[in-house]
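Each remark here refers to the structure printed beneath this line.
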Amino acid sequence: MNQNLNIMLIEDDPAVCKRFTEQIDVIADISITAITNNSYRALELIKDDTPDVVILDLELNQGQGNGLVFLRDLNKLTLPLKPYILITTNNCSSVTYDYARQLGADFIMSKQQADYSEKTVIHFLKILKNIIQNQQTDGTDFGTSNYKEKQIVRIINRELEKIGISPGVIGHKYLIDAILLAINGHTKNLGIILGEKYNKTNTSVERAMHNAIKNAWRSMDIEELHKYYTAKITSKIGVPTLTEFIHYYANKINNNL
């Protein structure tokens, strides 16, 4: 599998988030798994996303928490992979820097330095990509089916995020599982399989997935949808059927593994 460098961005300035996203969008092997301005929310996201890198703003004045709190609480988690932590900050205190390093920060970039920019940060990570990923394989289950499944789930999650189906959407977890099942060769009775897994009726599971798809097509800009969902839609209402949607992403992801 061609390994993307997957990044979580913890940053409270929307303009900065936009510039990071623009820089990452033009690089083929770097992706954003999640963006948040809340250090407490980031801890919940990181359990599922297990990013390779966290770009961490120490000061989250427009959000909640702060970078040092995130690092402290991150050390309490048991994760399959330890992310590389790159701090960006306006703080110039050597005491703060020393404490951040004690908590596990791998690198600190001051936003006050003359050549600082979001492009500089991403270029730095691009240079270190192979080193970061190779170090993460030490002592992990890299290469096993469990590790690969986590990687595939991250890819599915990013694809759904692009069309507005985020983890907060009802039906999101069912769609991820359904696409994963299809990738692994299960093409029939997906609703029944997921219903048994989540102790739900197959009808309610399928309805939740279909509603998530319909809401994405209703709320997203049509040009954005066509950009990320390129398959022909046979449904008269202009929304892919559940089967079409699941197999489109299963085939798309399988072709890139």
Q. With every protein chain present, what is the per residue accessible area of the chain (1.4 Å probe, Å²)?
A. 52 Å²
Q | Cα-based Rg / Dmax (Å) for segment 81-213 | A | 20.6, 59
(Q) So for segment 160-257, averaging the separation of alpha carbon pairs under 8 Å that are six or more residues apart and normalising by length, what relative contact order in percent results? (A) 34 percent
Q: Taking H placed 1.01 Å from N in the peptide plane, check which residues at least 5 places from TYR84 or on another chain put their amide H under 5 Å from its amide H.
A: VAL53, VAL54
Q: Can you grab the distance from the C-alpha centre of segment 1-68 to the C-alpha centre of segment 158-174, Å, no decimals?
A: 17 Å
Q) In whole Hz, what ³J(HN,Hα) sequence does segment 162-170 give by Karplus (6.51, -1.76, 1.60; θ = phi - 60°), x for Gly and Pro? A) 4, 10, x, 9, 9, x, x, 7, 5
(Q) Going Cα to Cα from LYS126, which lysines come in below 27 Å? Please leave out same-chain ones fewer than 8 positions away. (A) LYS18, LYS47, LYS82, LYS111, LYS148, LYS150, LYS162, LYS227, LYS252
Q: Just the ratio, please: alpha-carbon radius of gyration of the chain over 2.2 N^0.38 Å, N its number of residues.
A: 1.08
Q: Mind pulling the angle between the C-alpha long axis of helix 242-254 and the longest principal axis of the chain? Nearest 10 degrees, somewhere in 0 to 90.
A: 50 degrees
Q. Of all the accessible heavy-atom surface of the chain, with the other protein chains kept in place and a 1.4 Å probe, what percent is carbon and sulfur?
A. 49 percent
Q. Could you give me the ³J(HN,Hα) list for segment 204-220, computed from phi with Karplus coefficients 6.51, -1.76, 1.60 and θ = phi - 60°, whole Hz, x at Gly and Pro?
A. 5, 5, 5, 5, 4, 5, 5, 5, 4, 5, 4, 5, 5, 6, 7, 9, 7
Q | Loop trypsin sites (Lys or Arg not before Pro), segment 149-218, which have at most 11 other Cβ atoms in a 10 Å radius of their Cβ (DSSP) | A | LYS188
Q.
Under the rule of at least 5 residues apart or a separate chain, name every residue whose amide H is placed under 5 Å from the amide H of ILE32.
A. ILE7
Q) Using θ = phi - 60° and the Karplus form 6.51 cos²θ - 1.76 cosθ + 1.60, what ³J(HN,Hα) does each residue of segment 48-53 get, whole Hz, x for Gly and Pro? A) 8, 7, 5, x, 6, 9
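The values are calculated or read from the model by the stated rules, or taken from the named source; none is laboratory data. Predicted model only: the values in this text are computed from it and were never measured. Cβ coordinates were reconstructed from backbone atoms using ideal geometry, including for glycine residues, and neighbour counts include every protein chain displayed. The area values use the complete protein model at the heavy-atom level, side chains included, leaving out ligands, DNA and RNA. Shrake-Rupley method; radii C 1.70, N 1.55, O 1.52, S 1.80 Å.
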